[in-house]
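Report on one structure; see the data block that follows.
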Amino acid sequence: MHPSRPAPTRLDLLGAMLRIRAYEEKIVAFHERGPFPHVCTSVGQEATAVGVVSALHPDDQILTNHRSAGHLLARGADPGRLLAEVMGRSTGYCKGRSGTLHISAKELGVILTSTIVGGELSLAPGVALSRSLLGGEGIVVCFFGDGAACEGIFHESLNLASVWNLPVLYVCENNQWQAFVHRKETMVGDHIAPWAASYGMDSLTVDGNDAEAVLEAATRAAAQVRATRRPFLLEAWTYRQRGHMEPHDQSYVDPAEIQTWLAKDPIARLEERLLASGELTREGLEALRADARAAMEAAADFATASPYPDPSELTAGVYA
Amino acid sequence: MSLMTAHEALDQAVAEEMHRDARVLMFGEGVATKRKHLLDAFGPQRVRNTPLAEGIIAGTAAGAAATGLRPVVDLLFAPFLCFAMDEIVNSAGKLRYMSGGQFSFPMVVLTMTGGGWTVGAQHNHNLEAWFVHSPGLKVVMPSTPEDFKGLMKAAIRDENPVLFFMDMALAFVPGEVAEGEVFVPLGQAAIRREGTEVTLISYAKTVHTCLAAAETLAEQGVSAEVIDLRTLKPLDEATILASVRKTGRAVVVHEASRLCGVGAEVTALLSEQAFDALKAPVVRLTGPDAPAPSSYPLEQAFTPQADAIVQAATQLVARSPEVAPIW
Ligand SMILES: Cc1ncc(C[n+]2csc(CCOP(=O)(O)OP(=O)(O)O)c2C)c(N)n1
C-alpha cells in the first residue's frame, strides 16, 4: 500500500460496498417513481470496484465505462454530485453536460467514463503516455467489460501499451453479459486474462465477488505496474445482478444462473465473514447499512434541490 | 524568404514547436522513419512509430492531450480517418463539453487528401466537411507552403483538436516562406487577389485554379477577387461577406463533392446574410458524388478546372440565365 495511506480494513471494504449498493438502490427507487434517465447499474460488482480502487494511490488515474458509479464512489466521489450529474443538474461533476454515462471527475483522477464501449481502452495508452513523459509515479487503471474485450480496440490498446511500456492496469470486469447477449454467444473461451499473453503481458484472474481477494490481487497487480512501468491485465469474474439498464429486465436470463450468482453476492459474503469472525455484530451491520442509506438520502436531497443549468449555457465549453 | 515545399514547411513547423514546447510530440505509422531529422533532434520518446491501427493512434492522442501532452499524429491518407472516427469525433471532439470543461484536447490530426497522385478512392477522399460538421473540432486545409507552416504552428498551439488536411497535389510544390516566425491564426481567410465584379471562394489546391481563372478573366475584362478560406472551421464569415457585398457575385469552388459540402455552407451564408447584395445566384463548382478515380485524366476531370470557373464567372457577370453547376 501507499506509505501515506493505511490498507483498508475489512470493515472499510464493507462500508464502501454498502454505500455503492445504497446509491444504486436510490437510482432504482427514482426509476420506479420515474421519469428518470436510463442508467446502467453496477449492482453485484461492488467488490471489483472497491477492491481495485482501494489498491490505488491518490495520484493514479482511472478510465472506466458506462457502469462506473461503483468506481467513482470507491474513489471518493460525492454521491450528491454524482446523482446531480445523472439528473442533469448544474452541481453535477460535469455541470450536467454528461449525465449518467460519461461522468469524469478530474479532482479524483477519473479521466473518463466512456459509453462508447471500448472508448476507455482507446484513450488509456495516451493517458499512460502522459504519465511516462511528464513524470510522476502514478499508474493508469482502465476498467472495461468482456464485451469491450471482444472489440478490435482492446487488442490495439493492449498491443500498444505493451510495445510502448506504458503503466496501465487493465481491469476486465467479466460480468457474463454484453448488454442483451451472453458472453458465451460472442466470445471464444470463458476468460479474457489469457489473451494478455499474446501481448507479452502478465495477467491474473480473480474471484470478483470477493472484495478481499480483489484487493489483494489488485494490490499485487498495481505494484507490478508501478515497479515495471509495464501493463498488466486483471480479470475479475463477477456478475451483473440487474438488467443491462434501468428499468430492470432479466426476463431473457436463465433463472438458475441468476440464483447461482445471487448466492455469491459480494456484500453478503463479506458480511457473513465479518459476523462469523466477530468483527461485526448484527447491530453494527444494521448501523452501517443505515449510514449508507442516510448518506444517499442526503445525496438525493442535494441533487433534487440543485438547479438545472441555464439554457443560455447550451453551447458553452464546446471549445477551449 | 526561402523556397520550400508544403511537406518541408510542415516539418519545419513541427520541429520549431517541439523546440518551443517540450509537451509537443509526434507519432504515427512511419513517422520516426520518414521524419528522421525529427527523430534525431528529439529522440524516440517524442517521435514515435506506431502499429498500423488508426483507432488507437487517435485514441492515444486524445488520452495524451487530455492529460498534459500536445500530440501531432499523422494518419497518412484521409480515408483511413474512417478507422479513427470514434476517437476523433466521439472522444476528442466531445469530451471537453461533456466533462463540463474539465479536460481539453490540444491535438493535431494530420492527413493527406485530394487528387494529384492517382492513388484512387481508398487513398483519396475529401472528407473535410465531415469534421466541420462535428462539434468540438477545428479544420484547416491550406494552399501555400507558408500557410502550411503558419497554420500547423497555430494548430499545435490551439487548445482544441484540429484536423489538418494536406491536399496531396500541393505537397511537393515549392513556394516562398518568410524567414523567422511564421504564424497564421486559425479562422482567418486570405484575399489572394483583389477584384470588384465576382468573388471566387475556395481552399487548398483549387485556390490556385481560381487564381489561374482570375488571370484569364482579367484578360477578358472581368475583375475577380479570390478568397482562400484556409480554415474551414472556424469559418471566416466576415471576409466572405465583405467581399461578396462588394462584388455582388460568388463562385464557390472545391474538390469535395457538392452535397452538404463546405460550399453549401458558404452559399447558405451568402443567402442568409448578403442576399440584398447578390446580383446573381451563387454558383458551386465541385467534385462529383463519386469515389475518386485513379486514372489521371479521370482524376483531372474530377477536380474543378479553371475553364469551368471562367465560364461560370463570365455568365454570372453577364447575368446569363444559363448558369448551372457542372455537377
Ligand atoms: C460502440 C458501442 N457499441 C454498442 C453499444 C451499446 N452497449 C452499451 S453497453 C453494451 C454492453 C457492453 O458489454 P460489456 O463491455 O461486457 O460491459 P457490461 O455492460 O457488461 O459492464 C452495449 C452493447 C455502445 N454503447 N457502444
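Once the 1.4 Å probe is applied to the protein heavy atoms, chain B comes out at 37 Å² accessible per residue. Between B:Ser294 and B:Thr216, what FRET efficiency follows from the Cβ-Cβ distance if R0 is 35 Å, with the result rounded to 0.05? With a Förster radius of 35 Å, E is 0.75.
Rounded to the nearest 20 debye, the dipole size of the range B:2-177 about its Cα centre is 440 debye, using +1 on the Cβ of Lys and Arg and -1 on the Cβ of Asp and Glu. What a 1.4 Å probe finds exposed on the range B:190-317 is 54% carbon and sulfur by accessible area, rounded to a whole percent. The packing ranking, built from the mean of other Cβ atoms within 10 Å per residue, places the peptides B:219-225, B:301-307 in the order B:301-307, B:219-225, highest first. Applied to the range B:107-123, the Karplus parametrisation 6.51 cos²θ - 1.76 cosθ + 1.60 on θ = phi - 60° returns per-residue 3J(HN,Hα) values of 9, 10, 10, 9, 7, 9, 8, x, x, x, 10, 6, 8, x, 5, 8, 10 Hz, with x for Gly and Pro. For chain B, lysine pairs separated by 8 or more sequence positions, or belonging to different chains, with Cα-Cα distances below 15 Å total 4.
Measuring nothing but how far apart in sequence close Cα pairs (under 8 Å, 6+ apart) lie, relative to its length, chain A scores a relative contact order of 25 percent. Out of the chymotrypsin sites (Phe, Trp or Tyr not before Pro) in the range A:201-290, which ones are loop residues according to DSSP with at most 12 other C-beta atoms within 10 Å? Sites meeting the loop and neighbour criteria: A:Tyr252. Farthest toward the positive end of the dipole of chain A, out of A:Asn209, A:Pro37, A:Trp177, is the Cα of A:Pro37, where the dipole comes from beta carbon charges about the Cα centre. Peptides B:43-51, B:5-13, ordered by how many other C-beta atoms sit within 10 Å of their residues on average, highest first, read B:5-13, B:43-51.
Calculate, for A:Asp310 and A:Arg226, the FRET efficiency according to 1/(1 + (r/R0)^6) with r their C-beta to C-beta distance and R0 35 Å; round to the nearest 0.05. After rounding to 0.05, the efficiency reads 0.20. Residues of the range B:71-110 that bury at least 10 Å² of accessible area when the other protein chains are present, relative to the chain alone (probe 1.4 Å, heavy atoms, ligands and nucleic acids excluded): B:Asp86, B:Glu87, B:Asn90, B:Ser91, B:Leu95, B:Arg96, B:Tyr97, B:Met98, B:Ser99, B:Gly100, B:Gln102, B:Phe103. Converting phi to 3J(HN,Hα) with the Karplus coefficients 6.51, -1.76 and 1.60 and the offset θ = phi - 60°, the range B:4-11 yields 8, 7, 4, 4, 5, 4, 4, 4 Hz in sequence order, with x at every glycine or proline. Taking each residue as 0.36 nm, the span from B:His19 to B:Arg319 lengthens on full extension beyond its C-alpha to C-alpha distance by 102.5 nm. Surface listing: A:Tyr93, A:Tyr199 arranged by accessible area from highest to lowest gives A:Tyr199, A:Tyr93, probe 1.4 Å. Interface size, chains A and B: roughly 3100 Å² of accessible area buried, both sides included, 1.4 Å probe, rounded to the nearest 100.
Of the listed residues B:Asp40, B:Asp228, A:Asp310, the order by accessible area with a 1.4 Å probe, largest first, is B:Asp40, A:Asp310, B:Asp228. Would you please classify the overall shape of the range B:112-201 from the alpha carbon gyration tensor, given that a ≥ b ≥ c denote the square roots of the eigenvalues, rounded means a/c under 1.5, and beyond that prolate means a/b larger than b/c while oblate covers the rest? Because its axes are fairly even, with a/c under 1.5, the range B:112-201 counts as rounded. Within the range B:250-290, find all residues whose amide N lies under 20 Å from a label point positioned 7 Å from the Cα of B:Ala301 along Cα-to-beta-carbon. Only B:254-259, B:285-290 fall inside the zone, counting backbone N under 20 Å.
For the range A:10-297, what class follows from the C-alpha gyration tensor (a ≥ b ≥ c being the square roots of its eigenvalues): rounded when a/c is under 1.5, otherwise prolate if a/b is larger than b/c, else oblate? The shape class here is rounded. The sum of -39500 (n - 2.57) across all DSSP H runs of n ≥ 4, divided by the residue count of the protein assembly as shown, sets its helix-only mean residue ellipticity at 222 nm to -12500 deg cm²/dmol.
Spacing of the modelled spin labels on B:Leu241 and B:Gln188, each 7 Å from Cα toward Cβ, amounts to 2.0 nm.
Placing +1 on the Cβ of every Lys and Arg and -1 on the Cβ of every Asp and Glu, with no other charges, gives the protein assembly as shown a dipole of roughly 540 debye about its Cα centre.
When nucleic acids and ligands are ignored and a 1.4 Å probe is applied, B:Leu52 ends up with an accessible area of around 140 Å².
The values are calculated or read from the model by the stated rules, or taken from the named source; none is laboratory data. It should be emphasised that the depicted structure is a prediction, and the values quoted were computed from it without experimental measurement. Methodologically, a virtual Cβ is constructed for each residue, glycine included, from the backbone with ideal geometry; neighbour enumeration extends over all protein chains shown. Keep in mind that these areas ignore ligands, DNA and RNA; they rest on the heavy atoms of the full protein, side chains included. Shrake-Rupley method; radii C 1.70, N 1.55, O 1.52, S 1.80 Å.
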